[in-house]
2 protein chains.
Amino acid sequence: MVEMLTIGSLGRKTGTKVQTIRYYEQIGLMPTAERTEGGQRRYVNADLDRLSFIRHSRQLGFGLDAIRELLDLGDHPNRSCEEADTIARRHLWQVEQRLARLKALRTELKRMVQECSGGRSAECRVLEVLRDHSECLTQHDEIGV
Amino acid sequence: MVEMLTIGSLGRKTGTKVQTIRYYEQIGLMPTAERTEGGQRRYVNADLDRLSFIRHSRQLGFGLDAIRELLDLGDHPNRSCEEADTIARRHLWQVEQRLARLKALRTELKRMVQECSGGRSAECRVLEVLRDHSECLTQHDEIGV
DNA sequence: CTTGAACCTTCAGTGGCTAGAGGTTGTATC
DNA sequence: GATACAACCTCTAGCCACTGAAGGTTCAAG
């Protein structure tokens, strides 16, 4: 007989909240779990592996759609590695874009707070800079980082 | 007589979508706009300034709650600059945290794609690393960058 | 007076969960 | 066998900061 895991122990082993596991099942990222007679989910080791993969990918910043593709590739050992590589490279590129924007942001913010000398808000450099884009060194046209 | 701006021209001047302006009004970030007899919104220059401030703050990554506080400080010139400074410093700190995590992520991703030699997915390093956390140099416990 | 672009409201959806209400099951202990 | 109670279940709604679309109305130019 196979030892089965409850959703709670699966969560503990992978650092995942129970609701999140159920959510992954709902969106088809995790398979439909087997159930006890009473209707509680039971998992096997393959499920643990899959969830670990998902979680680790999430920690590395992959989106759920990318993870779906990666899982699919993992399920087909004979398919080319190229697709996984493409997904990873694309993600890396996105991370680098964000890094660049965040760095520009940091520069601007640092300058802002350094210039603030702490008087009345009427003379506040922070507020001035926010009011007047032309005070900025970079364009930062995009929003949300 | 005062010249009035339509929501569309306000949007064009500030690089904001019309729906976004209405959304800002809805959540109380922009004041309730005056209306024509037919019910269309009309804006004055003060509104333009306020929206510019909001948008610029968003470009610098401030959240809407922080922006609300900053706007409030701007409306009260005699209040201390300290609060604005605190908000900006807090935000800077958050940006630095994110930068650090993104950098660790980039390192890991780079290593991953560099090791991929492009064979069958069964031997794919990308998938292997995702399967096995112990292959990673950093802990990256947190999710979502 | 007609055209049509720009406006209006309302609702739903994005990503990736997370929280809560209100009810049921599983297991350990007596 | 009874009881207690932690852990499970479903369902709904909320988070952030918008964005899109449906279906209808108004404004300004010609």
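The values are calculated or read from the model by the stated rules, or taken from the named source; none is laboratory data. All figures in this text were calculated on a predicted structure; none of them were measured in a lab. Here Cβ is always computed from backbone atoms with ideal geometry, including for glycine, and neighbour counts include all displayed protein chains. When the accessible area is computed, the model is the full protein with side chains, heavy atoms only, and any ligands, DNA or RNA have been set aside. Shrake-Rupley method; radii C 1.70, N 1.55, O 1.52, S 1.80 Å.
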(request) Tell me, please, whether a residue that is farther than 29 Å from B:Val95 by Cα and open to solvent by 60 Å² or more (accessible area, probe 1.4 Å) can be found in region B:14-30. (result) no
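Could you look through region A:106-122, keep only residues that are among the charged types (D, E, K, R) and more than 7 Å from every other protein chain (Cβ to nearest Cβ), and pick out the one that is nearest to B:Thr14 (Cα to Cα)? Don't jump to the end; show me each part of the working.
Going residue by residue through region A:106-122, those that are among the charged types (D, E, K, R) are A:106, A:108, A:110-111, A:115, A:120.
Imposing the further condition that a residue be more than 7 Å from every other protein chain (Cβ to nearest Cβ) reduces the set to A:111, A:115.
Details: A:Arg111: 24, A:Glu115: 26 Å.
Going through the qualifying residues, I end up with A:Arg111.
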(request) Please give the number of the condition A:Gln26 fails out of (1) under 25 Å from B:Arg101 (Cα atoms); (2) within 16 Å of DNA strand D (Cβ to nearest atom). (result) (1)
(message) Of everything in region A:59-85, what is closer than 15 Å to A:Thr16 by Cβ and surrounded by fewer than 20 Cβ atoms within 10 Å (Cβ to Cβ)? Give them in sequence order.
(response) A:Leu64
(request) For region B:59-88, name all the residues that are within 16 Å of the chain's Cα centre (by Cα) and either at the interface with chain A (Cβ under 7 Å from one of its Cβ atoms) or of a type in the set (S, T, N, Q) (or both). (result) B:Gln59, B:Leu60, B:Gly61, B:Leu70, B:Ala88
(request) Please work out which residue is farthest from the other protein chains (Cβ to nearest Cβ), limiting yourself to region A:20-58 and to residues that are within 9 Å of DNA strand C (Cβ to nearest atom) and out of contact with any helix residue (DSSP H, G or I) (no Cβ under 9 Å at 6 or more places or on another chain). (result) A:Glu37
(request) Under 8 Å between Cβ atoms, at least 6 apart or on separate chains: pull out the pairs that start in region B:26-43 with a residue that is of a type in the set (A, V, I, L, M, F, W, C) and end on any residue that is away from DNA strand D (no atom under 11 Å from the Cβ) and open to solvent by 50 Å² or more (accessible area, probe 1.4 Å). (result) B:Met30/B:Arg50
(message) Filter region B:1-12 down to the residues that are within 15 Å of B:Ile54 (Cα to Cα) and either surrounded by 14 or more Cβ atoms within 10 Å (Cβ to Cβ) or touching a residue at least 60 places away in the same chain (Cβ under 8 Å) (or both) and list them by number.
(response) B:Leu10, B:Gly11
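Restricting attention to region B:98-142, report how many residues are among the acidic types (Asp, Glu), modelled with pLDDT of 80 or more and farther than 14 Å from A:Ser57 by Cα.
Step one: of region B:98-142, the residues among the acidic types (Asp, Glu) are B:108, B:115, B:123, B:128, B:132, B:135, B:141-142.
Next, from what is left, pick out any that are modelled with pLDDT of 80 or more: B:108, B:115, B:128, B:132, B:135.
Those still in the list that are farther than 14 Å from A:Ser57 by Cα too: B:115.
Number of matching residues: 1.
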